[in-house]
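Data block below; observations after.
The values are calculated or read from the model by the stated rules, or taken from the named source; none is laboratory data. As the structure is a prediction and not an experimental result, all values here were calculated from the model. Cβ sites come from the backbone with ideal geometry, for glycine too, and all protein chains shown count toward neighbours. Each accessible area value is taken on the protein alone, full model and side chains, heavy atoms only, with ligands, DNA and RNA left out. Shrake-Rupley method; radii C 1.70, N 1.55, O 1.52, S 1.80 Å.
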Amino acid sequence: MTITEKTMIEFRDVHKYYGDYHALRGINGTIRAGEFFSLLGPSGCGKTTLLRTIAGFEDISSGVIMIDGKDMADVAPNARPTNMVFQSYAIFPHMSVAENVGFGLRRDPRSKADKARAVEEALDMVGLRGFGARAAHALSGGQRQRVALARALILKPKVLLLDEPLSALDKKMREHMQVELIKLQRQVGITFILVTHDQEEALVMSDRVAVMFEGEIAQLADPETLYRRPNSKQVADFIGTMNFIPVTVLSEAGDTVEIEAKGLGRVSLDASLAPPVRGESPVVGMRPETLTLLYDDQKAAERETEGVIDEVIYFGDMTYYDVYLGGTDVEVRLSMRNVPGRPVLEVGTKVRVAWSPSALVLFR
Amino acid sequence: MKKAPFLGGYAILYLLFLYGPIIILPLFAFNDGRIVAFPLNGFTTRWFTEMFADAQLKKALLNSLTIALSSATLATVLGVFAARATVRYRWPGKPAALGLIMVPLVLPEMIVAMALLVVLLSIGIPLSIFTIILGHVLICMPFAVAILTSAFQSLDRSLEEASLDLGETQWSTFRLIVLPLVMPGILSSFLITFTISIDEFIISNFLGSGQPILSVYIFGQFRFPAKVPSMLALGTLLVLFSICMLAIAEYFRRRGIAKTGGKDTGGFL
Ligand SMILES: Nc1ncnc2c1ncn2[C@@H]1O[C@H](COP(=O)(O)OP(=O)(O)OP(=O)(O)O)[C@@H](O)[C@H]1O
Ligand SMILES: [Mg+2]
């Protein structure tokens, strides 16, 4: 991979109004050259809007967008070093596959034969060798998507913009294309910016992810940080599953915070790892897989708490258990792999739950 | 589906009533007799010969074709602008402007014709083929705009954006992407407005200044029983012409759908 520290796109306090509606509320941040970047957020949070401001299809109301060091304020879409794969793919229905892919080369001074070769190469790259003569409308969803990719990549843009390119595909195809896209991005080394509302997709594919809520970037980080150290309850809740347990802060000295968590007891946490204080009622968050059910004769490595199983959700490879902790009404969800020799437990079983203080995230 | 044989019979009667008279047309156009009545007298092509020899009719036909082609072209071109402006852009006064374009649809044509006549005379524009074209464009516009608006509406906006994104300008995008994709709509609009114009009577009669116009001429000829058979011959040719036009339009429409892979929803024609 060729991610450098070089900045490809920079947002400086970008605002966008649709009439009275404040769609982008002060976007800041940078996207590096050569990285696979995702914009992740719930429906209506402004992901598409932000992507379209990069492409130049939407004017911004205030702020600055720089691409490769140049202010894009007065640059039209057809003059920007970006190309887009549209959510609907926007394949030109009256043209063949080759005409679609070669569309961007119309103004290219190269000879016809050279262009035809470039089209063949682009089709080859997305695994559609020999499809050139087909009518574009006669393709399947996955094939259309590849045509859209080839068509956008043939111009060798600095940035490729993808607006939910996989959302129209079925699950199998989607997972397949995720891997294909990652491979393709590594092969061409172009900065990819992907819009998605699927957190799993964002985590799987991206080098870094910006999580957006209501026109703002809530957190911009690599997938692991985002998952393990979300900077707010909202982000934690949006990315995967997280258990929230109410706590009282007992004391705070330097980097150490002493808390009393309901059902878990006293814990001391490293405050330097905790997200900034927001004045919410304090809770700790823990991911389901950081909790483990202990076998009868097993001892916890760090801490353990007693509990009672309230609900069993069987997934084949995994089982989710909802467990009441330590005789309280605090319920946590935990996930266990269904390995040989570990039977799926029943509702009402008394269990011991192992956990680690370092996996707790304090939100307050 | 076997429950209502009555409905089938009704449909057949209905179609007979609608199209039966049209079958009478060629029947009497080839009938050797001046009087349009059964029994038939025998086969002849002399009404066609008589019709082709009618210099005044030729002139009327030429005038009407000029008018219909001009009106259809103008209405369709203006319709493209109007449809594009309504579908893509927001501007002040849009509903009012659209409303005004559509008004001739509900206004009695007699009133449109009279109003036009009064206005034209009072500002001193002499009546001619040109004034008829003006009137025809006015009454054709609602049809053109309605057909074209739906054609433009069914166009995915991101197709244009994709073209812009790939380096084309607004204008080349319109030429390369928009125009080919709305072509079936343009064709429909042209054919419909052409048809409206060619058999339009009231405006042609009011604004014609004595120029022979096909519809007006045919109406006039029917006063003379001797002329009726040759008018039926003309009618026969017009029916043939319409069938050809429809066939051509349908051919292009189907080809357009096949080419873009759309679903055939029956089409306008
Ligand atoms: N052209 C527009 N005019 C007015 N409001 C708009 C326009 N485009 C988007 N919006 C509004 O801006 C907000 C953000 O829209 P955007 O399309 O960016 O959301 P999104 O995050 O892409 O959502 P989704 O996941 O549903 O695609 C939405 O509330 C939307 O209604
Ligand atoms: Mg969107």
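Numbers for the structure displayed
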{"item": "Test item: A:68-79 mean partner chain Cβ contacts at 10 Å", "result": "2"}
{"item": "In Å², nearest 10: area of B:Cys244 left accessible to a 1.4 Å probe", "result": "80 Å²"}
{"item": "Convex hull per residue volume in Å³, alpha carbons only, for segment B:117-176", "result": "123 Å³"}
{"item": "When segment A:1-77 is reduced to its Cα atoms, the Kirkwood hydrodynamic radius in Å", "result": "13.0 Å"}
{"item": "Cross-link pairs beyond the 25 Å C-alpha cut-off, checked among A:Lys70/A:Lys156; A:Lys299/A:Lys350; A:Lys70/A:Lys112; A:Lys16/A:Lys172; A:Lys70/A:Lys115", "result": "A:Lys70/A:Lys112; A:Lys16/A:Lys172; A:Lys70/A:Lys115"}
{"item": "For segment A:213-364, diffusion coefficient by Stokes-Einstein and Kirkwood Rh (Cα), 20 °C, 1.002 mPa s, µm²/s", "result": "131 µm²/s"}
{"item": "Sequence of A:Lys16, A:Lys350 when ordered by accessible area, the most exposed leading, probe 1.4 angstrom", "result": "A:Lys350, A:Lys16"}
{"item": "Highest average packing first - B:213-226, B:195-208, A:150-163, Cβ atoms within 10 Å", "result": "A:150-163, B:195-208, B:213-226"}
{"item": "Average other protein chain Cβ within 10 Å of Cβ, residues A:136-142", "result": "1"}
{"item": "Carbon and sulfur %, accessible surface of chain A computed with the full protein complex present, 1.4 Å", "result": "49 percent"}
{"item": "Segment A:109-218: projected area of the alpha-carbon convex hull, averaged over directions, in nm²", "result": "8.4 nm²"}
{"item": "Cα-only Debye scattering, segment A:288-356: base-10 log of I(q)/I(0) at q = 0.12, 0.23 Å⁻¹", "result": "-0.26, -1.02"}
{"item": "Alpha carbon Rg of chain B, scaled by the compact-globule rule 2.2 N^0.38 Å", "result": "1.22"}
{"item": "Calculated P(r) of segment B:75-212 - Cα pairs past 22 Å, %", "result": "47 percent"}
{"item": "Set of lysines with alpha-carbon distance to B:Lys227 below 26 Å, sequence-local pairs under 8 removed", "result": "B:Lys58, B:Lys59"}
{"item": "All-pairs alpha carbon distance profile, segment A:241-285, 10 Å steps from 0, percent", "result": "26, 62, 11, 0"}
{"item": "Span from the segment A:320-355 Cα centroid across to the segment B:72-121 one, whole angstrom", "result": "73 Å"}
{"item": "Principal axes of the protein assembly as shown: Cα extent on each, largest first, Å", "result": "116, 66, 54"}
{"item": "Helix-only CD estimate at 222 nm, as mean residue ellipticity for the protein assembly as shown, using -39500 (n - 2.57) per DSSP H run (n ≥ 4)", "result": "-14000 deg cm²/dmol"}
{"item": "A/B buried area, accessible surface, summed, 1.4 Å probe, Å²", "result": "2000 Å²"}
{"item": "Segment A:1-150 - Kirkwood radius from inverse mean 1/r over Cα pairs (Å)", "result": "17.5 Å"}
{"item": "Against the rule of thumb 2.2 N^0.38 Å, how large the Cα Rg of chain A comes out", "result": "1.19"}
{"item": "Peptide A:104-112, shielding by other chains (average Cβ, 10 Å cutoff)", "result": "2"}
